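Structure first, then comments.
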4 protein chains.
Amino acid sequence: MSWHWLIEWQTPYEFHGHEIKRVIAEEKTQYQSVMLVEFTRFGKGLIIDGKVQSTIYDEHVYHESLVHPIGISLDPSPKSVLILGGGEGATLREALKYNSVEKAVMVDLDEKVIEFAKNELKEWHMGSFDDNRTELIIGDGLDYIKKTNQKFDLVILDLTDPLKGSTSYKLYTKEFYEDLKKVMNKRGGIVTQATSPSFSLEVYSAIYTTLKQVFSKVSASYTYIASFDGLWGFVYASDDADPSSLSKAEIENRIKSRINSPLRWYDSDTHISLFSLPKNIRKSVAENTRISTEADPIYVPA
Amino acid sequence: MSWHWLIEWQTPYEFHGHEIKRVIAEEKTQYQSVMLVEFTRFGKGLIIDGKVQSTIYDEHVYHESLVHPIGISLDPSPKSVLILGGGEGATLREALKYNSVEKAVMVDLDEKVIEFAKNELKEWHMGSFDDNRTELIIGDGLDYIKKTNQKFDLVILDLTDPLKGSTSYKLYTKEFYEDLKKVMNKRGGIVTQATSPSFSLEVYSAIYTTLKQVFSKVSASYTYIASFDGLWGFVYASDDADPSSLSKAEIENRIKSRINSPLRWYDSDTHISLFSLPKNIRKSVAENTRISTEADPIYVPA
Amino acid sequence: MSWHWLIEWQTPYEFHGHEIKRVIAEEKTQYQSVMLVEFTRFGKGLIIDGKVQSTIYDEHVYHESLVHPIGISLDPSPKSVLILGGGEGATLREALKYNSVEKAVMVDLDEKVIEFAKNELKEWHMGSFDDNRTELIIGDGLDYIKKTNQKFDLVILDLTDPLKGSTSYKLYTKEFYEDLKKVMNKRGGIVTQATSPSFSLEVYSAIYTTLKQVFSKVSASYTYIASFDGLWGFVYASDDADPSSLSKAEIENRIKSRINSPLRWYDSDTHISLFSLPKNIRKSVAENTRISTEADPIYVPA
Amino acid sequence: MSWHWLIEWQTPYEFHGHEIKRVIAEEKTQYQSVMLVEFTRFGKGLIIDGKVQSTIYDEHVYHESLVHPIGISLDPSPKSVLILGGGEGATLREALKYNSVEKAVMVDLDEKVIEFAKNELKEWHMGSFDDNRTELIIGDGLDYIKKTNQKFDLVILDLTDPLKGSTSYKLYTKEFYEDLKKVMNKRGGIVTQATSPSFSLEVYSAIYTTLKQVFSKVSASYTYIASFDGLWGFVYASDDADPSSLSKAEIENRIKSRINSPLRWYDSDTHISLFSLPKNIRKSVAENTRISTEADPIYVPA
């Protein structure tokens, strides 16, 4: 009988248990508790503060669904990328797959997590920290975008969920998106991870509606991620590009001309499936009126 | 802290726990152990032998995804329906929504479960057992299709998973599908629940490939079902109708003209999302060569 | 694989799971949530608010350890008994085994629990509610002892643990014990369940020390109770009788002359084992200075 | 909410969960999987194959209860000690506390576990591996006692439970005890850990009865061990010494004259409590007729 377990609580009345085969590395940083394990089902997996961040089994599903729908839809193809969060280096890895990218700035708060990732998560970052287009900044994303004078074509928010008591909730507010817009080029686009439409549909919907206040073209996608035991959501925004209206042919053309490394998950059919929202999600997104602001932010249920 | 739990084991190294608020009814029948509970997250839920069968929260997602993609695609609209399994009466409920249906025969093995459903699962069957088009037969589906001289337009297999040691595995074999074909009208269609593409993708794929041996048009769909903590799959087959190629306009037209009661989940967009398989599922279905036969049947992992 | 579970949290970092075979009866009263189940390991068990109260497997260990060490040590044998709590009726059952008992008053707050016990817990009370020496009073024990003009030889406190936010904590304070003393005869004795020396040793010890403030002879006992997954404690107090100093011969004599029904657990050797405290418990009791008062009550950790 | 857990299955229908704060070291040896963790409740704890072996919280309860009741009762005080198993080095530590001990031979199968213990379990062995009276032999205890020409005053069996499929079950049979007797001095004594009287009372009782076939004076003890979530048992045997009949005064005298380091748990009152068996255990030991032999061995339920 199995005996070594991660038990993740989605709500106080629901938990999922995954057998741990072994603990590979563990570290407590100033900000969080980080553990790399081998799961029986998923293989290597990164756990931060008791939440599975990603596993070898399907990290590509998460990271390709985050980056490519917006990356492909931008016209022209992005030259400059800004990533907030994304400690594993896998979001960076996907961004660097675009021939057009000349610079990718990644801003993460937790230096020790980055060190941990560099040493332990090679299957994730695949050397992308050493790419000469990469600029790594240890610091607060909020500060960075207030101070920088650079402008970006593609902004990727690969952040922890908006938790009560954390500061990450600020990175999901209207005010923050307005600030972000100032560091974006006119035809640029943005994507944010948008929590789980199965466990926090109202937060997912609020992220959509909040971005709608700031950008003219906003679309929401979702996919099932086994390592998260449920659906996961993404919201893309731009004043120019609209991923949800791209034709399959156009997607395939752009993948061929723009991307220089193999994709494991993303293709034109996957693109269509990402934007084919089932009725309850569609309805929630369409009818939602809740906006997240500094004065009245949204949180995922603790 | 919550203390009354259903713990469902998806594999020996993965379990999901759901808090039970109260037990409404419980019964051990000759064949199975049946329990109706109120879950904190899902509301009323039916548990058979420790597996969540369906809950008020999303039984409509399961039952509408099972019945309507094939029901709508048949031309002409079905007059006669055969349901094997489907004890809750909700599959019957969906089938009876078609104006064209004149007769719906439901065959279920376990009389006590049917009695239980009639008394306790009114939100599921909504009186469909009393519809004068319904004919209920207590017995073995395998026997029934060998003896009946009726022919059906629509056959719905709402069965338990093919478990080792059970007899239900026979209802997923090539030989069984061949027998079924003999009780179907030429332009008729069939659907079977096809287990979980997240927990048993190889079984899902084998059901697809097995039906391909017997019918010329076969398509696979999937959706996320929160009550099952994962994806669920369906396979549709016919020599005439192909749900995966219907246009959105045609779907909306047929819903309007054929269906006389509200649908909660199924519409043309949901139809598209059901057939938008993500890459790994697409690949598994396309590349699978495993066929289930009486001599070499497939099973879900116990 | 088992799927229907009681999960009891001893602390936020420890839980014990017991498989439930079936739920026999369930009821929400004004005060608590009551459930009678059949456990695979223990057989029938009563659960109140997620805590196992007692099971057929070893309720006799608990109830005989509560009643008889003090009942046997009183001289003369008790005529009048007061029980506060004890809803199952098993404490009453044990008290009525003394030939000398002429009256047993039982005071319990929750009428519905008593009704539940009368109907469902016959193996516990064994008809003792119908004994003509029994007087059952629905009401608050605190009120009762302030108003009654009766005096008792034996007082048995079979109460829920002193929980923060409950009112039961008052029934473990010095002030309450002083009030109780006023309704006791001079040579009478008292016993209280005293929580778990394995999970809340400091509470167990404080109950001992608090009773020491009010009575001259106080002794503490303990035993292992499988249904509680740990040790359980009892404290006995009197100005006259001292259970911990009785000889084995005297115990056996008194059992023979005083008790008219079989005992399943209690005998002179069990008596010795109850008072043979291991070193850590002995030390905690001896060195404790904490007293529970209305102004500064003790609680078990929630 | 806690998320990193050891879940120990006492039976297929009972589990206990303990929160793990961190994993300190982990190793797979040829024979077993070894993990040193920090538990929230117990502090450092050693886990082998999913079973808690001992924790800093109460390893002294286990090891002192194993060694001293027989060590103290031997007359004269033991000079030569043989330990089979006992990888942590804590049994060795207790044996070396006797002034009289001139030689302690410890035989353990798993060299890597010994290395692990030497490096990681300093709070357990406290340097006893380096005591110049210690002789450490890596090998099979069964072989050792067949080949050695030494004789011992005190033999301590600190072995894993008799599990089906393991070879340790041989070390609980009548034939093994007969072989052991040949390497013991006339007035010597033996102790074996005897599994849990709460989870496997019939095995505990059978160990007692089996030793009774070989030695004239056999006694059984038990105590509660929180880290094991239940009672634990020990059986002592000799043709000369009888721990269960020692007076408290004699015990205290011998502790003073024979033992040169502090004891944390064992004293004369603890000795009495160890041998004060509650009624059900007494009865099981007294009435048991099951003997473990090579042809018909006993096992703990898997």
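The values are calculated or read from the model by the stated rules, or taken from the named source; none is laboratory data. These figures come from a predicted structure and were not determined experimentally. For neighbour counting, all protein chains shown are included, and Cβ atoms are generated from backbone atoms with ideal geometry for every residue, glycine included.
In segment C:76-91 there is at least one residue matching the filter, namely being in a loop (DSSP other than H, G, I, E, B), of a type in the set (S, T, N, Q) and either outside the structural domain of C:Ile48 (by TED's automatic domain parsing) or buried (at least 24 other Cβ atoms within 10 Å of the Cβ) (or both).
Going through A:Ile47, A:Ile24, A:Ile7 one at a time, which residue ends up being among the aliphatic types (A, V, I, L, M) and over 25 Å from A:Ser166 (Cα atoms)?
On the way: A:Ile47 fails: over 25 Å from A:Ser166 (Cα atoms); A:Ile7 fails: over 25 Å from A:Ser166 (Cα atoms).
The conditions single out A:Ile24.
Selection within segment B:220-235: residues that are assigned to a helix (DSSP H, G or I) and not hydroxyl-bearing (Ser, Thr, Tyr). The member of this set that is farthest from the other protein chains (Cβ to nearest Cβ) is B:Phe228. Quickly run through segment D:26-68 and pick out the residues that are at negative phi, under 19 Å from the mean Cα position of the chain (by Cα) and assigned to a loop (DSSP other than H, G, I, E, B). D:Gln32, D:Ile56, D:Tyr57, D:Asp58 - these are the residues of segment D:26-68 that are at negative phi, under 19 Å from the mean Cα position of the chain (by Cα) and assigned to a loop (DSSP other than H, G, I, E, B).
Just one of the numbered conditions (1) surrounded by fewer than 22 Cβ atoms within 10 Å (Cβ to Cβ); (2) within 14 Å of chain C (Cβ to nearest Cβ); (3) under 21 Å from A:Phe15 (Cβ atoms) is not true of B:His18: (1).
Reported count of residues in segment B:236-288, each being free of Cβ contacts under 8 Å to residues at least 40 places away in the same chain and outside any helix (DSSP H, G or I), is 5. Considering segment A:45-66, and only residues there that are among the acidic types (Asp, Glu) and modelled with pLDDT of 95 or more, the residue that is nearest to A:Ala241 (Cα to Cα) turns out to be A:Glu64.
Just to be sure before I move on: is A:Gly189 crowded, with 22+ Cβ neighbours inside 10 Å and in the same structural domain as A:Glu94 (by TED's automatic domain parsing) in the structure I sent? Yes: the conditions hold for A:Gly189. Of note, A:Glu64 does not satisfy the criterion of being buried (at least 16 other Cβ atoms within 10 Å of the Cβ) and outside the structural domain of A:Thr167 (by TED's automatic domain parsing).
Considering only segment B:117-142, state which residues are outside any loop (DSSP other than H, G, I, E, B) and under 27 Å from B:Ser200 (Cβ atoms).
Initial filter on segment B:117-142 (outside any loop (DSSP other than H, G, I, E, B)): B:117-120, B:122-125, B:128-130, B:134-138, B:141-142.
The answer is B:Ala117, B:Trp124, B:Gly141, B:Leu142.
Residue-level check: of (1) in a loop (DSSP other than H, G, I, E, B); (2) free of Cβ contacts under 8 Å to residues at least 60 places away in the same chain, A:Asp161 misses just (2).
Yes or no, residue by residue, for (1) closer than 27 Å to B:Asp242 by Cβ; (2) more than 14 Å from every other protein chain (Cβ to nearest Cβ):
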site: B:His68; (1), (2): yes, no
site: B:Asp75; (1), (2): yes, yes
site: B:Arg93; (1), (2): yes, yes
site: B:Val105; (1), (2): yes, yes
site: B:Asp110; (1), (2): no, yes
site: B:Val113; (1), (2): no, yes
site: B:Met126; (1), (2): no, yes
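Being within 12 Å of chain A (Cβ to nearest Cβ) and small (Gly, Ala, Ser) is a property that B:Ser196 has. Please indicate, with yes or no, whether at least one residue in segment D:201-219 is under 28 Å from C:Phe15 (Cβ atoms), within 14 Å of chain C (Cβ to nearest Cβ), within 19 Å of the chain's Cα centre (by Cα) and surrounded by fewer than 22 Cβ atoms within 10 Å (Cβ to Cβ). Within segment D:201-219 (the criterion being under 28 Å from C:Phe15 (Cβ atoms), within 14 Å of chain C (Cβ to nearest Cβ), within 19 Å of the chain's Cα centre (by Cα) and surrounded by fewer than 22 Cβ atoms within 10 Å (Cβ to Cβ)), the answer is yes, since at least one residue qualifies. Against the definition (surrounded by 15 or more Cβ atoms within 10 Å (Cβ to Cβ) and assigned to a loop (DSSP other than H, G, I, E, B)), how does C:Asp153 come out, yes or no? No. The set of residues in segment D:1-15 being more than 7 Å from chain A (Cβ to nearest Cβ) and assigned to a strand (DSSP E or B) consists of D:Gln10, D:Thr11, D:Glu14, D:Phe15. Residues that are closer than 19 Å to D:Glu26 by Cα, surrounded by fewer than 17 Cβ atoms within 10 Å (Cβ to Cβ), more than 10 Å from chain D (Cβ to nearest Cβ) and touching a strand residue (DSSP E or B) at 6+ places or on another chain (Cβ under 8 Å) do occur in segment A:26-38, at least one of them.
Restricting attention to segment A:216-268, the residues that are closer than 26 Å to A:Gly43 by Cβ, modelled with pLDDT of 95 or more and charged (D, E, K, R) add up to 2. Across segment B:269-302, the qualifying residues are those that are among the small types (Gly, Ala, Ser) and surrounded by fewer than 18 Cβ atoms within 10 Å (Cβ to Cβ), and the one among them that is nearest to the other protein chains (Cβ to nearest Cβ) is B:Ala302. Within segment B:39-64, the set of residues being among the small types (Gly, Ala, Ser), more than 10 Å from every other protein chain (Cβ to nearest Cβ) and closer than 28 Å to C:Phe15 by Cα comprises B:Gly43, B:Gly45. Scan segment A:164-183 for residues that are without any contact (Cβ under 8 Å) to a residue 60 or more places away in the chain, touching a helix residue (DSSP H, G or I) at 6+ places or on another chain (Cβ under 7 Å) and surrounded by fewer than 20 Cβ atoms within 10 Å (Cβ to Cβ) and jot them down. Listed by number, the list holds a single entry, A:Asp179.
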